Amino acid sequence: MGYTVNALTKSLNVFHLGGSACNNCDIEILDALTPRYDLERFGITLVGSIRHADLILLSGIFNKKARLRMLEVLAQAPRPYLVVAIGGCPASGLIFRDSYNFYAAPADYVPIDAFIPGCPPKPEAIISGVVTVIKALREGAMVPKCLGEPDRAGEMAPVPQAEGAA
Amino acid sequence: MNSTRVFLEFLLFPGLLFTAAAGLLTSWVDRKVTAMVQMRVGPPLLQPFYDLRKYFIKETCVPEGGATGLFLLAPLIGFAGVTLASLILWRALLNPQVTFVGDLIVLVYLLMMPALGVVLGAFASRNPLASMGGSREIQLMIAYELPLVLVVLVPVIQAESIRLGELVNGTPAATWSGALALLAGLACMQAKLTIVPFDMPEAETELTGGVFIEYSGPPLGVYKLTRAMMLFTLPVFLVALFFGGFVIGPGLAPKLWGLLAWFVLVALTVVIRNTTPRLRTDQAVKFFWGPVSLLALAAVVLAWMGY
C-alpha cells in the first residue's frame, strides 16, 4: 500500500468532471492550475481523458440526466483514483436542491474521498484540500475509496438506454 | 562479437536502459524549459520517473469491442522501434567502423515505428476520437516523410555513402546545403514528435488526448516513455547526420560541441512548441509539401552541385 500511495501521490493527473454547476467552481479549478500557482512543481497536471485520471474533481450537482453520464465516466476511471468534491454542491446541492431537475447530492451515490467546501472555494483552498488528502494517504489515515469498495462504481453504472438515452 | 554482448548492448548501453533514462531526462528538460517560458518553477528533476512509476501501478483498462491484442501490443511496437533506432545510432557514433551498409535506411524506417504504433493502437481502441487522431497522425506522416527523406539525402550525397559509420565523419551543417537541410529537418522533427504546432493527433482541446484517449496504466506509460525516447533520439539523429564530425573527433571538446548542438536542437524545439498555436492538418500538409519540401529539394540540388 505504501508504494502504491507514494507512486500515486507523487504524480497526480487531474481530471475535471463538472456537471450542472454554476461554473464558478470550474473557474476556480482552472485558476488553481495556472502558472501563478504552478502545481506542476508537485507533479500535478491536467489531463483531458478519464483514462489518464488519478484525481477526479467533481463540481456541481449533476442533474437527473448529467448524473448518468457522470457515473458512466466515473466507471471508466482506472484504479486507484481519488474523487474530490469541489464546493458545496456535491455535498448538499446548495441552491439547486429544490430545482425540478435535482436528483440527489452526488455525495449520496458517489464514493467521494474528500470535500473541499466553499461557494466557490479559492484556488488556495483547493490546493490545501488536495495537500490534506495526499498527507492523509501517506500517513495511512485514509485509503482511496475506489480500492475499499472494488465494484461500487461499476455496480452503480446505469443501463444507458433505460432512462438516459431519450 | 558474441551474442551476449549484443544482448547487453541492446538492454543496457546504448540500448534500452540508457535511452530510457536519457529520454526521461530530456522530457524533464522539455518541461523545465516550458516552465521557464511561462515564468514558473516547473517540475523536479525526477518528475518524469515518478510519472512513469505511477503509470505502472494503475489499472489497465481495455475498451469493450476493440481489438484487445493489437490495443495492448501497439505501444510495444513503437517502443521496440525507438530502442533499436537508438542502439544503431549510438553504435555508429561510438564506433563508426562496425556499422553495416544501408543502416541509415533501416534507421529511417525504425524511426517511423512509433508513429505507426500510435496509429494502430488508436484504431484498435474503437474510440471515435482516437480514430480521428489516428487519421490525423497518418496524414501528418504522409506530409513529413517526403521532406525528411530529402533531408537525409543531403549528408548521403555529400559523403557518397549510405553507411552511418561514414556519414558521421562529415559535418554537413557547415555547408550551404547542409544548413538548409538542417532547417527543414528541424521542422520534420517537430512533426515527428507530434508536438505543437503539429500536435493535431492528440489535440488536447478537441480530441482530449486523441490517439491516447483510451489508454491507461502501463500501456500509456510505455507510450509516454516512447515519446520521451524519441525526444532524445531524434535530435541525436540530426546531430549525427549534420554535426557528426564535431562529435566523434578525438578528445573531449568534440563531445561537448555535440552535446551543445543537441541541447540547442532540443531547446529550439521546446521554444517553438511554446510560442506557436496548433496548425490544422491541411495547413500542416501544405506546409510540408510546399515550403519545407522545396527547401529540402533546394538543399539536395545544392549538395549535388557541391555546395
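Is there a residue being outside any helix (DSSP H, G or I) and more than 28 Å from residue A:82 (Cα to Cα) anywhere in region B:27-47?
Yes, because at least one residue in region B:27-47 is outside any helix (DSSP H, G or I) and more than 28 Å from residue A:82 (Cα to Cα).
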Query raised in the report: hydrophobic (A, V, I, L, M, F, W, C), in a helix (DSSP H, G or I), modelled with pLDDT under 90 and surrounded by fewer than 22 Cβ atoms within 10 Å (Cβ to Cβ) - does that describe any residue in region B:49-61?
Result: no
Query raised in the report: Name the pairs whose Cβ atoms lie under 7 Å apart, with the first residue in region B:62-85 and without any contact (Cβ under 8 Å) to a residue 24 or more places away in the chain, the second assigned to a helix (DSSP H, G or I) and crowded, with 22+ Cβ neighbours inside 10 Å, and 6 or more positions between them or separate chains?
Result: B:62/B:71
Query raised in the report: Somewhere in region B:217-237, is a residue within 9 Å of chain A (Cβ to nearest Cβ) and more than 18 Å from residue B:190 (Cα to Cα)?
Result: yes
Query raised in the report: Which residue out of B:249, B:290, B:306 is at positive phi and not charged (D, E, K, R)?
Result: B:306
**Report entry** Residue check for residue B:95: more than 30 Å from residue B:13 (Cβ to Cβ), of a type outside the set (A, V, I, L, M, F, W, C) and over 16 Å from the mean Cα position of the chain (by Cα)
**Finding:** no
Query - In region B:164-183, residue farthest from residue B:288 (Cα to Cα) [restricted to those that are part of a loop (DSSP other than H, G, I, E, B) and more than 20 Å from the chain's Cα centre (by Cα)] - result: B:169
Query raised in the report: Can you tell me how many residues in region B:34-48 are surrounded by fewer than 18 Cβ atoms within 10 Å (Cβ to Cβ) and more than 7 Å from chain A (Cβ to nearest Cβ)?
Result: 6
Requested in this report: Test residue B:113 against the criterion of being more than 21 Å from the chain's Cα centre (by Cα), within 22 Å of residue B:226 (Cβ to Cβ) and among the hydrophobic types (A, V, I, L, M, F, W, C), and give yes or no.
Outcome: no
Report summary line: Residue set B:137, B:145; condition surrounded by fewer than 20 Cβ atoms within 10 Å (Cβ to Cβ) and of a type in the set (D, E, K, R); output residue B:145
**Report entry** helices (runs of 4 or more DSSP H) contained entirely in region A:1-94, each with at least 2 residues that are over 30 Å from residue B:28 (Cβ atoms), more than 11 Å from chain B (Cβ to nearest Cβ) and more than 16 Å from the chain's Cα centre (by Cα)
**Finding:** A:64-75
Query raised in the report: With respect to the numbered conditions (1) away from every other protein chain (no Cβ under 14 Å); (2) surrounded by fewer than 20 Cβ atoms within 10 Å (Cβ to Cβ); (3) more than 19 Å from residue B:171 (Cα to Cα); (4) of a type outside the set (Phe, Trp, Tyr), which one is the sole condition not fulfilled by residue B:205?
Result: (1)
**Report entry** residue B:17 being out of contact with any Ser or Thr (no Cβ under 8 Å at 6 or more places or on another chain), under 28 Å from residue A:75 (Cα atoms), surrounded by fewer than 17 Cβ atoms within 10 Å (Cβ to Cβ) and of a type in the set (A, V, I, L, M)
**Finding:** no
Query raised in the report: Before we move on, is residue B:153 in a helix (DSSP H, G or I), farther than 14 Å from residue B:77 by Cβ and either at pLDDT below 90 or more than 16 Å from the chain's Cα centre (by Cα) (or both)?
Result: yes
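The values are calculated or read from the model by the stated rules, or taken from the named source; none is laboratory data. Here the structure is a predicted model, which means the values were calculated and not measured. Neighbour counts are summed over all protein chains in view; Cβ atoms, including those assigned to glycine, are modelled from backbone coordinates with ideal geometry.
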